[in-house]
């Protein structure tokens with residue numbers, strides 16, 4: 001690029017250092033006009049970065065590029081042009097900002113920035129294919145949405161809010177205007193209200209406009225709903241069974257879990273829902289989806305997670321005393337992490353974990369604390385603290401010691417021995433916990449005194 005030399009004493013911008021002041025421009029860098037008045041410029045300018053010197057070009061003349069006469073005048077005198085080859089790794093070119101550079105010419109503390117005003121490192125990081133820009137309707141950043149479909153749901157409500165806000169301000173603004181405009185009777189004016197029998201044009205407008213607006217909202221909402229109801233091809237299927245008061249998960253390969261679903265980011269997943277007792281509501285707030293789990297029926301919903309993380313699962317239908325504790329989590333994992341989890345590498349990494357510690361983790365993740373308390377107020381089932389080694393009264397009047405075998409049997413077959421005074425509502429963990437996991441839970445219960 002060609003930059004005219006500014007002489008000290010003639011142009012104030014050149015005083016106080018050897019730096020070349022560069023104005024922030026639009027598509028390029030422009031020289032000042034006569035008298036030091038700058039040309040009107042835009043908000044940004046771009047400087048191409050080259051890894052090597054360009055081939056020598058034609059000699060600068062008065063009719064080519066920066067050599068035109070009106071670009072070679074500094075303080076009323078002719079000046080020569082200086083060509084600056086800009087290369088990566090060289091010194092940085094900074095725009096002159098009087099409000100920032102006053103009193104510290106020649107020093108620049110700001111990091112180098114790209115044409116969009118972003119740091120160069122950030123601009124380079126976002127220039128790849130993985131950083132493609134998403135439209136506002138599919139933005140997963142808006143309102144905490146974790147998928148593109150959730151962003152579309154937010155857009156429907158945002159559209160409704162904008163339309164309602166517009167008409168509210170319009171009607172209330174007119175109301176205030178007329179209230180102020182006609183607050184007093186004007187002298188010399190006929191203040192009698194005219195008798196108006198109708199206005200066909202006005203009636204057509206106020207019927208047609210709301211009809212079009214409502215139909216537009218309906219069509220947009222219906223399109224979003226249709227897209228959310230039709231699963232994408234290749235979606236992974238996960239069976240979810242609701243029961244008081246937990247979620248039992250079964251994966252296609254036979255793996256089972258309680259209250260925790262693991263899925264792969266970027267891959268659609270379809271949930272097949274059912275219930276073994278009463279109606280439950282399977283709700284994922286960050287994905288804006290909800291479906292009832294109904295006894296004797298299979299319902300379904302699907303989603304395509306775009307953001308890794310852990311997201312809450314709630315029951316939205318009152319299902320008994322433990323309804324408020326019927327929560328779970330959806331863990332969205334990166335593809336490599338999910339593949340390792342499928343191979344069992346995640347559990348293998350915990351092979352050295354002490355059994356009581358592992359049992360404590362399993363008790364928290366399996367929903368046991370929804371019905372049992374470790375300490376404090378008793379919940380639906382007996383307290384776990386001090387259970388091991390105690391005498392347990394059963395239905396029928398018998399009493400047995402709470403040894404290891406009793407604890408193991410209470411986990412895999414809770415209906416075999418029911419504690420007196422408590423309902424027989426605990427589900428079996430025979431299929432959702434491996435034998436070594438049951439042993440870890442027993443070891444943890446033994447530590448509770």
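Values in this text are rule-based calculations from the coordinates and carry no lab data. The model shown is predicted, which means the values in this text are computed figures rather than measured ones. Quick reminder, even Gly has a Cβ in these numbers, built from the backbone with ideal geometry, and neighbours come from all protein chains shown.
Observations
- Each part gets one Cα centre, and for the stretch 288-357 versus the stretch 421-442 those centres are 18 Å apart.
- Subtracting the Cα-Cα distance of residue 225 and residue 200 from 0.36 nm times their residue separation leaves 5.3 nm of extension gain.
- Order of 256, 171 - criterion: other Cβ atoms within 10 Å of each residue's Cβ, fewest first: 171, 256
- The stretch between residue 318 and residue 420, if pulled fully straight at 0.36 nm per residue, gains 34.1 nm over its current Cα-Cα span.
- Rounded to whole Å, sorted largest first: equivalent-ellipsoid semi-axes of the stretch 149-275, Cα gyration tensor: 58, 17, 12
- Packing-based exposure ordering (other Cβ within 10 Å, fewest first) of 284, 158, 445, 387: 158, 387, 284, 445
- Sorted ascending by nearby beta carbons within 10 Å, beginning with the fewest, 222, 247, 341 become 222, 341, 247.
- Net lengthening on full extension, residue 404/residue 182 (0.36 nm per residue, minus Cα-Cα): 71.2 nm
- The average projected area of the stretch 215-359, computed from the convex hull of its Cα atoms over all directions, is 10.7 nm².
- Using all pairs of distinct alpha-carbon atoms, the Kirkwood hydrodynamic radius of the stretch 340-448 works out to 14.7 angstrom.
- With the gyration tensor restricted to C-alpha atoms of the stretch 259-340, the semi-axes of the equivalent ellipsoid amount to 24, 13, 11 Å, longest first.
- For the stretch 227-261 and the stretch 362-397, distance of Cα centres in Å: 28
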